[in-house]
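*Asks:* Would you mind keeping the following structure in view while I ask a few things?
The values are calculated or read from the model by the stated rules, or taken from the named source; none is laboratory data. This structure is a prediction, so every number in the text was calculated from the model and none was measured. Note that each Cβ is placed from the backbone with ideal geometry, even for glycine, and that neighbours are counted across all protein chains shown. Note: areas computed on protein heavy atoms with side chains; ligands, DNA, RNA excluded. Shrake-Rupley method; radii C 1.70, N 1.55, O 1.52, S 1.80 Å.
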Amino acid sequence: MSTDSTGSDDGPVTEEITITVNGTDVTAAVEPRLKLSDFLRYECDQHGVRVGCEHGVCGACTVQQDGRTVKSCLSYAVQADGAEIETVEGLAAEDGSLHPIQEAFHETHALQCGFCTSGFVMAAKELLEENPDPSREEIETGLADNICRCTGYQNIYEAVERAAERMEE
Amino acid sequence: MSRSQPTETDADVTAETERESFTGQGLPRVEDHRILTGRAEYIHDITPENCLHMALVRSMHAHADVVEIDTSEAEAHPECELVLTGEDLRAEYNPMPTGIETVTTDDGTEGTIEEWSLAADTVRFVGEPVAAVIATNRYVAEDIADLVDVTYDPKDAVADGLAAREDEVVVHESVGTNVVDHERLEFGDPEAAFEEADHVVEGEFSWGRISGVPLETAGVVAQYDDDTDSFDIDCNIQLHTLVDDTIYETLGYDADDVRVNVPADVGGSYGTKIAIHRYCCLAAMASKALDRPVKFEEDRIENLQGGDMHCSDREYRMRLAVDDDGTMCGLDVWFVDDFGAFPRYPINQVLKPLSVLTNSYVIEDAVYEYDLVLTNKTSQTAYRGFGVDPHIYALEMIVDQAARELGMDPTEFRRQNLIEPDQQPYTLPSKNLYDSGDYPATLDRIEEIIEDERDGGLLDPEVVAAKREEGKYRGVQPSVIIEPGVSGSDWTDRQRSDREALADRPRDDVDELPEHLRAQLREDGTVRAYLATDSSGQGHQTLVSQLLADELELLPSDIEVDYLDSVDAPTEYGSAASRMAVMLSGATVGVAEALIEALEAVAADHWEVSTDEVAYRDGQVERADGSDTLSLTELAAIDAEGEKRRTHVSYNYDHPATDFEEFDDAFSQKLPVYPTAAFGANAPIVEVDVNTGEVDILKFYTVRDCGTMLNPMIVEGQAHGGIAQGVGAALLEEFGYEENGQPQAITLFDYLLPSIENVPEIEMEHTVTPSPFTVTGAKGVGEGGMIDAPASIATSINAALEPLEVDAPADQIPVSPAHLRSKLREERQ
Ligand code: FES
Ligand code: FES
């Protein structure tokens, strides 16, 4: 990263890190205080990572780090050094066809403004990887860390259920 | 034109749906693909090259004099590009327009209220910006903001609307009072009604400060162009073609020199983002000073504490006059609305409730009186429902209380007073008209639904009794609630009008803002439409492509929909007031007719025949004698040869009330005109734990009618979302303040948004009573759930606790556990 310190000697301290983002290695020198969410959004151009609160409540910034969901606004890029990160951009197939979860969100109208959507899709992904046939209660628990202000959640339940069926096939 | 993202061809719409009507189908949205793949471009994603970043220094005092602002240390920081203070603005720019600029007090003295983008002498709420810092990135800008040293001299603050009326602490010395507007409107003969009625029922109810709290915070990227001395401002402001005056007037430029553009994707607004002009102005000023693009991204704490985004905050005193036989005879509404530190643009949300003054009931005599007061709190803005939600809540509360005092069943009491279908269109005492609907049938239907729950379901008497043993009280109380749709714009400056003159104002003086839509035939034979309004998740692009496809007998995938910026679009009312289903559908029908006419004219000229001898059908123009056809691609090519593109057309759809004499009184007196009345009955089954005061909504039943459903999937989505926000309002959300004006909810840990765990299962039924006033029969749906859910949840809480004989347990929104516990405790003592 270029935290362009305008040549001054006491410019920001940076640390070199390498993170695998959606299968591509990204190496950058970053300030230790750079949030992982900002690293992904601005250094890696993964704009699908959204920030809604930057304090860990809304879940818009949810990504998968080494296969587990994390709220990327709650950790620093340096903490993810060496990790594999998957964001919503990594879900669709090479030919552009949508992942079953994305497809199900579309079909059931589980998104309106869409600002929360990447976070929900990533949270649903972890949920379905761990539990391919979740009950409503299990979906509730699995998605309780994400807020959607638009849809009222009913269609999100349906999306996850439909995605579960598709992924079973 | 806009550089926002047009819709893309959507694979969902396959040939099998060909030639069927797309309108009325739950077509999946064309907006979704880009969002789901992370490619949508929200304002936070726009960072032009060479862009600088702004951070704001905000007051930590609710009320203080600013003694000194020392910027030297900040300016000495190597990465500091600029520090702006209130003084700098005063030299070059204007104050921001406010809702009330001049206040005339009872003794006739006049004082003015000025709000600047940065405060200079006095700060009036916690979070009010006093300086702006511009630096190379957001992290550094925030570092430098910390170096700005502001010396304050704190003063007493007032943070309670009722107390503020005493004027012991005055928020604006220049006007000498906190009560900056007051009005008493009388309809019919309320005095006689109250005198003659058998009973007068009185109650006090309060509605706490809540807001939309969109997941996406405000954002702006402003760029000054030195060559043309003009600005390009990308931002997620709502109603960008209507409220752009707040930006260009502050900057002191002409409308044409300030191009405001909203991206195709906005992460929620619900009314609240109409007030983010402060940020737009500051970023523009900084950009002009530095001749570089400047970006501002509001953070969540700024948004919650000082983002100019809070909504209604009201104390009601309601009176209902009733006869022994249960007839409602008179209504008296009095309230104080705490506007915070400045009376902002959407001041009219105190008036909108007049459009549904008596909700679904026949009450001919009414008083509507309010005091609008200022306090040392963040200024109010609009929020979904625009002030109707607190009104309906307070009204349903007093209706509940009246039934109890009369010893009547509250549902029977309501039914007895409902407007009957043969009274439609129904003129309210406040002069607005309801268009159509069978309210008693809707109440009957919801009653049937909950009857089923009484027989072995959630409300089975045995289950209810057993639960009570555990301290859990279940109940439900339905009512029929109206959602006024499609604002007429002329009433919105009532407060700024000479009220005496309104009594006999000529109808011709009224202006109505139509909805503008453009359509253009493109070279490849597809059609591109341009919306003049912005959108924040309501699916406008889908709606227009689906309707236009029907009108032009094409497929939705043949239509692309894009947006116009504030300079290209005429001044528009746009996306507010549940307007879009009605206004966009009306505009779509009109623009399609204009396009067909143009296509026929081009073809007729080409063949050198009269237009009577040609006809548009199925995506081509045919000669009546069957000898020839011209496809859209061919027509586009022919048209391109002419001097003027005839196949580029636009249409303005007039406000549906325009041609109805019945609305004349409301229009000329500047009373709110809302020509559609969507309606519905809710029955949320609630369970109150009397030990903890917690309320659990076990299931939310609702029967709704919004006239023609253009896209049922979107209609239901709007209702789900509105109800979820209503659940938050009713039980969780509140911007509390300490007495000294310190905000208590500045993170999402304190301002509680409903999660998937709080929103119950919603079971929704629809009936369809098309509006006789609109082209497509559609009524608005954008605000419904937020308007009706809090009232229904509150009446259901009252019903659940009925056996404990607590006096109006849900007399305060939110009905928090602490409030309910204290109400229950009072009763037990
Ligand atoms: S942005 Fe990370 S949880 Fe809200
Ligand atoms: S779709 Fe808008 S916040 Fe979820």
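*Asks:* Could the peptides B:364-371, A:110-117, A:144-151, B:621-628 be put in order, highest first, of the mean number of other beta-carbon atoms found within 10 Å of their residues?
*Replies:* Averaged packing, sorted descending, gives the order A:110-117, A:144-151, B:364-371, B:621-628.
*Asks:* Net charge around B:Y368, counting only other residues with Cβ within less than 10 Å of its Cβ (Lys, Arg = +1; Asp, Glu = -1)?
*Replies:* -3
*Asks:* Return the sequence-ordered ³J(HN,Hα) values of segment B:315-332 in whole Hz as given by the Karplus equation 6.51 cos²θ - 1.76 cosθ + 1.60 applied to θ = phi - 60°, using x for Gly and Pro.
*Replies:* 3J(HN,Hα) across segment B:315-332, in whole Hz: 10, 10, 10, 10, 10, 10, 8, 9, 9, 3, 7, x, 7, 7, 10, x, 10, 10.
*Asks:* Can I ask one more? Heavy-atom accessible surface, probe 1.4 Å, ligands and DNA/RNA ignored: which residues of segment B:21-65 lose at least 30 Å² versus the isolated chain?
*Replies:* B:R29, B:D32, B:H33, B:I35, B:L36, B:T37, B:G38, B:Y42, B:H44, B:D45
*Asks:* What quantity of accessible surface, computed with a 1.4 Å probe and excluding non-protein components, is buried in total between chains A and B, in Å² to the nearest 100?
*Replies:* For A against B, buried area totals roughly 4600 Å².
*Asks:* I would also like to ask the following. Exceeding 26 Å between C-alpha atoms, which entries from my cross-link table qualify? They are B:K352/B:K472; A:K71/A:K125; B:K431/B:K779.
*Replies:* Too far apart for the 26 Å limit: B:K352/B:K472.
*Asks:* Work out from phi, with θ = phi - 60° and the Karplus expression 6.51 cos²θ - 1.76 cosθ + 1.60, the ³J(HN,Hα) of each residue of segment A:75-80, listed in order in whole Hz, and give x for Gly and Pro.
*Replies:* For segment A:75-80, the Karplus curve yields 10, 9, 4, 4, 6, 9 Hz.
*Asks:* How large, in percent, is the carbon and sulfur part of the accessible surface of segment B:430-553 at a probe radius of 1.4 Å?
*Replies:* 40
*Asks:* Sticking with this structure for a sec: Quick one: with all protein chains in place, what share of the accessible area of segment B:606-697 is carbon or sulfur, to the nearest percent (1.4 Å probe)?
*Replies:* Summing carbon and sulfur atoms, their accessible area is 37 percent of the total for segment B:606-697.
*Asks:* Keeping every protein chain present and rolling a 1.4 Å probe, give me the accessible area per residue for segment B:673-829 in Å².
*Replies:* For segment B:673-829, the solvent-accessible area averages 30 Å² per residue.
*Asks:* On to the next question. Taking chain A, how much of its Cα-Cα pair set, in percent, is spaced more than 28 angstrom apart?
*Replies:* 25
*Asks:* Classify the protein assembly as shown: rounded, prolate or oblate, from the alpha-carbon gyration tensor (a ≥ b ≥ c, eigenvalue square roots; a/c under 1.5 rounded; otherwise prolate if a/b is larger than b/c)?
*Replies:* rounded
*Asks:* So what's the convex hull volume per residue for the Cα atoms of segment B:253-315, in Å³?
*Replies:* 140
*Asks:* Can you give the Rg to Rh ratio of segment B:433-573, both from alpha-carbon atoms, with Rh computed by the Kirkwood formula?
*Replies:* 1.19
*Asks:* Here is a follow-up. Sorted from largest down, what three extents in whole angstroms do the Cα atoms of chain B have along their principal axes?
*Replies:* In descending order, the Cα extents are 88, 72, 55 Å.
*Asks:* While we're here: With everything on Cα atoms, drop me the angle between helix A:117-130 and the longest principal axis of chain A, reported from 0 to 90° to the nearest 10.
*Replies:* Helix A:117-130 and the main axis of chain A meet at about 70 degrees.
*Asks:* Take the solvent-accessible surface of the protein heavy atoms, probe 1.4 Å, and return the percent of it on segment B:220-260 that carbon and sulfur atoms account for.
*Replies:* For segment B:220-260, the apolar C and S fraction of the accessible surface comes to 29 percent.
*Asks:* Rounded to two decimals, what is the ratio between the C-alpha radius of gyration of segment B:242-386 and 2.2 N^0.38 Å?
*Replies:* Here the answer is 1.38, to two decimals.
*Asks:* Where in chain B are the DSSP H helices whose alpha-carbon span along the long axis reaches 24 Å or more and whose Kyte-Doolittle mean is at least -1.0?
*Replies:* Result, helices passing both filters: B:388-406, B:580-607, B:712-731, B:784-801.
*Asks:* Cut-off 16 Å, label point 7 angstrom out along Cα-to-Cβ of B:E641: give me the residues of segment B:589-615 whose amide nitrogen falls inside.
*Replies:* Label zone hits: B:601-609.
*Asks:* Separate question: Hey, how many Å between the Cα centroid of segment B:349-408 and the Cα centroid of segment B:264-337?
*Replies:* Here the two parts' Cα centres lie 17 Å apart.
*Asks:* For segment B:558-660, compute Rh as the Kirkwood radius over C-alpha pairs and then the Stokes-Einstein diffusion coefficient at 4 °C and 1.567 mPa s; write the answer in µm²/s, rounded to an integer.
*Replies:* The calculation lands on 83 µm²/s.
*Asks:* Apply 1/(1 + (r/R0)^6) to the Cβ-Cβ distance of B:E634 and B:S21, taking R0 = 25 Å, and write down the FRET efficiency to the nearest 0.05.
*Replies:* The computed FRET efficiency comes out at 0.40.
*Asks:* Oh, and also: For the pair B:R454 and B:S497, what calculated FRET efficiency results from E = 1/(1 + (r/R0)^6), where r is the Cβ-Cβ distance and R0 = 30 Å, to the nearest 0.05?
*Replies:* 0.05
*Asks:* If you don't mind, another one. How much of the calculated P(r) for segment B:311-393 lies past 16 Å, in percent of all Cα pairs?
*Replies:* 53
*Asks:* 7 Å from Cα along Cα→Cβ at both B:T611 and A:A93: what's the point-to-point distance in nm?
*Replies:* 5.0
*Asks:* Cα centroid distance between segment B:172-208 and segment B:26-43, in Å?
*Replies:* 47
*Asks:* Need the per-residue list for segment B:696-724: every residue with at least 50 Å² less accessible surface in the complex of protein chains than in the chain by itself, probe 1.4 Å, sorted by number.
*Replies:* Residues shielded by partner chains are B:M713, B:H720.
*Asks:* If you don't mind, there's one more thing I want to ask. At what distance in angstrom do the alpha carbon centres of segment B:757-807 and segment A:4-76 lie from each other?
*Replies:* About 43 Å separates the Cα centre of segment B:757-807 from the one of segment A:4-76.
*Asks:* How much accessible area per residue does segment B:297-349 have, in Å², with a 1.4 Å probe?
*Replies:* For segment B:297-349, the solvent-accessible area averages 18 Å² per residue.
*Asks:* With Cβ to Cβ distances under 11 Å as the rule, what net charge do the other residues near B:E734 carry (K, R +1; D, E -1)?
*Replies:* Combined, the nearby Lys, Arg, Asp and Glu give -2.
*Asks:* Could you point to the residue in B:P410, B:Y345, B:V480 farthest towards the positive end of segment B:340-484's charge dipole, with +1 and -1 charges on the Cβ of Lys/Arg and Asp/Glu respectively?
*Replies:* Checking the options against the dipole of segment B:340-484, the answer is B:Y345.
*Asks:* Still on this model: Hey, what did chain B get for relative contact order, percent, Cα under 8 Å, at least 6 apart?
*Replies:* 16 percent.
*Asks:* What is the list of residues in segment B:643-669 whose amide nitrogen lies under 17 Å from a point 7 angstrom out from the Cα of B:T427, following Cα to Cβ?
*Replies:* Residues passing the 17 Å test: B:657-669.
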